[in-house]
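What follows draws every value from the coordinates through simple rules; no lab data is involved. This is a predicted model, so every value here is computed, not measured. Heads up, the Cβs are rebuilt from the backbone with ideal geometry, glycines too, and the neighbour counts pull from every protein chain shown.
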Amino acid sequence: MSRDTTLVTAQWVEDHLDDPSIVLVEVDEDTTAYDKGHIKGAIKLDWTTDLQDQVRRDFVSKEQFEALLSDRGVGNDHTVVLYGGNNNWFAAYAYWYFKLYGHSDVKLLDGGRKKWELDSRELVSELPAREKTSYTATEQDHSIRAFRDDVVAAIGVQNLVDVRSPDEYAGRLLAPAHLPQEQAQRAGHVPTAASVPWSKAANDDGTFKSDDELRTIYGDAGVDFEKDTIAYCRIGERSSHTWFVLKELLGQENVKNYDGSWTEYGSLVGVPVALGDEPGQA
Amino acid sequence: MCGATEGGLSLDGIDVKKEAVVQGQVLRDGEPVGNAYVRLLDRTGEFTAEVPTSASGHFRFFAGDGDWTLRTLAPKADPVDRQVHAQVGSVAEVSITI
């Protein structure tokens with residue numbers, strides 16, 4: 001994978017608004033953002049209802065994902081271009097999710113909704129009408145999804161990359177600062193995890209930094225590119241952004257996203273937790 | 001976002017005693033800017049959070065004790081940085097003009 005096959009610019013999207021082989025998909029943390037205006041022709045996926053099981057804490061099943069995309073008019077042969085707010089956090093999460101279920105051609109709009117808005121490009125309110133499809137997903141690709149036991153086994157062995165803000169890593173905050181802080185789980189990070197906030201990979205306008213800059217940032221933070229890597233954050237969306245950088249932009253072989261992330265790990269009984277700004281010992 | 005009230009955003013439903021709230025409004029020529037982005041940077045300048053402004057130009061963060069920087073981005077405007085001090089149990093109100 002590389003930047004050429006996984007990332008498109010806002011201008012590219014504007015030039016392809018009427019291309020029937022492309023489906024634009026908006027995914028936002030604020031699930032009402034789409035309703036206030038979206039890129040012409042874009043459909044919406046709601047990460048809280050469309051992409052999460054409504055009883056267990058897990059993703060929708062293969063069959064549910066197939067039904068969802070068929071209903072929304074996304075076919076296996078479509079090029080899916082994802083974008084969203086929050087510097088593409090949830091769009092990157094959806095990108096990883098589409099890859100988890102085997103969609104072949106997925107791209108991310110560089111800079112997402114913010115870049116589009118800062119460029120003063122057009123947003124519309126009319127909803128697109130799409131014909132239903134018959135979508136077929138693959139079984140989940142667990143080579144890109146980490147579970148809690150994988151994380152515990154990776155302490156001191158693999159690269160663990162904590163992509164939350166420095167204050168969340170150190171245990172001074174429990175959630176991103178645009179959310180209330182009251183939480184059940186313990187604060188801190190997985191011992192030996194490097195702190196590389198997702199934001200280091202992005203410019204202020206939300207676009208990704210150059211490959212050379214990205215390699216330097218992760219290398220300087222202690223990521224060994226010869227080792228396998230697990231990225232995590234609080235609920236797995238910011239770490240999807242970093243997974244995208246390491247796997248899709250820099251082409252690292254074995255990179256997994258831990259979607260359970262701190263809300264799971266920080267609630268586990270019997271696992272080690274490190275506090276403060278240093279990675280800590282295995 | 002909550003609706004705007006005189007003097008700032010409504011704090012209904014928020015336990016202010018437990019939060020270090022930083023909130024305010026983005027204005028251009030005295031008018032609210034509803035399509036701006038406000039970033040919260042920590043004392044080292046590292047990104048901590050970002051929110052789009054509401055239709056009334058308002059934004060809100062739940063920070064921690066200490067000094068923070070608010071960086072505001074908006075179409076056809078240069079970024080504007082403002083320093084703010086946050087403290088658990090208090091609400092820091094910031095008006096930002098771009």
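Please list, or write none, the aspartates and glutamates whose alpha carbon is within less than 18 Å of the alpha carbon of B:Lys18, excluding same-chain residues fewer than 8 places away. Candidates past the 8-residue exclusion: A:Asp167, A:Glu168, A:Glu182, B:Asp65, B:Asp67, B:Glu93. Is the shape of the protein assembly as shown best called rounded, prolate or oblate, per the rule: a/c under 1.5 gives rounded, else a/b larger than b/c gives prolate, else oblate, with a ≥ b ≥ c the square roots of the Cα gyration tensor eigenvalues? Verdict is oblate for the protein assembly as shown. Working from label points 7 Å from Cα in the Cα-to-Cβ sense, the A:Ala282 to B:Arg82 distance is 4.8 nm. Axis of helix A:211-220 versus longest Cα principal axis of chain A: the two differ by about 20°, to the nearest ten degrees. Taking other Cβ atoms within 10 Å as a rough exposure proxy, A:Arg113, A:Arg72, A:Arg57 sort from fewest to most as A:Arg57, A:Arg72, A:Arg113. Look at the Cα gyration tensor of chain B: its axes a ≥ b ≥ c give a/c of at least 1.5 with a/b at or below b/c, and that counts as oblate. With a 10 Å cut-off around each Cβ of A:163-172, the average count of Cβ atoms from other chains is 3. For the pair A:Val55 and A:Lys209, the difference between a 0.36 nm per residue extended length and the Cα-Cα distance amounts to 51.6 nm. Relative to the dominant Cα principal axis of chain A, helix A:62-72 is inclined by about 40°.
Taking other Cβ atoms within 10 Å as a rough exposure proxy, A:Tyr218, A:Tyr169 sort from fewest to most as A:Tyr218, A:Tyr169. Candidates B:Pro32, A:Leu17, A:Ser70 compared by Cα position along the dipole of the protein assembly as shown: farthest toward the positive end lies B:Pro32, with charges placed on Cβ.
Indicate the gyration tensor shape class of the stretch A:145-265 (rounded, prolate or oblate), computed on the Cα atoms with a ≥ b ≥ c the square roots of the eigenvalues: a/c under 1.5 is rounded; otherwise a/b larger than b/c is prolate and the rest oblate. It comes out oblate by the Cα gyration axes.
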